[in-house]
Structures are given as C-alpha cells and as structure tokens.
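Asks: Handing you a structure now.
The values are calculated or read from the model by the stated rules, or taken from the named source; none is laboratory data. All of these numbers come straight from a predicted model, not from anything done at the bench. Using ideal geometry, Cβ is built from the backbone for each residue, glycine included, and neighbour counts are taken over all protein chains shown.
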Amino acid sequence: MYDARDFQVRYDDHKRQMAWVNDEGWKFDPPQARKRVREKMARVLVSLATRLAPAMRQPHTA
C-alpha cells in the first residue's frame with residue numbers, strides 16, 4: 001500500500017542527489033559518445049556480400 005512517509009523520504013533523497021549532480025556534475029568529464037558499430041558493420045557486410053555474390057538477374061516469369 002502507499003506510504004506517504006516512505007515516498008517523502010525517497011523524494012527528499014532524490015532531490016538531494018539531483019542537487020549534487022546539478023552543483024558538482026560539471027566538474028566531471030561528459031560521457032563518451034557511443035560508437036556506431038552496428039551501422040558500420042552492416043555496411044561492411046553488405047559490401048562484402050556484393051563483392052562475393054554480385055547481383056543476379058531475376059528470371060522473367062510470364
């Protein structure tokens with residue numbers, strides 16, 4: 001069941017943590033950007049596949 005005191009304690013702790021992040025967070029290096037490995041790997045695999053098996057003409061069906 002909902003406990004108002006528990007919520008208030010958690011909320012106050014959250015506010016305290018966010019105040020620290022806002023006050024002190026600028027002192028730390030920003031997180032590194034994630035590398036786009038999937039996109040590069042997909043391009044490499046597609047180029048490899050086109051070299052190994054060039055596009056084949058589809059037979060015409062009437």
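Conditions (1) surrounded by 10 or more Cβ atoms within 10 Å (Cβ to Cβ); (2) not in a helix (DSSP H, G or I), marked per residue:
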| position | (1), (2) |
| --- | --- |
| N22 | no, no |
| D29 | no, yes |
| K35 | no, yes |
| S47 | yes, no |
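Asks: Right, another one. Suppose we filter R57, R51, R34 for residues that are out of contact with any Cys (no Cβ under 7 Å at 6 or more places or on another chain), at pLDDT 85 or above and not polar (S, T, N, Q); which single one remains?
Replies: Matching residue, one of R57, R51, R34: R51.
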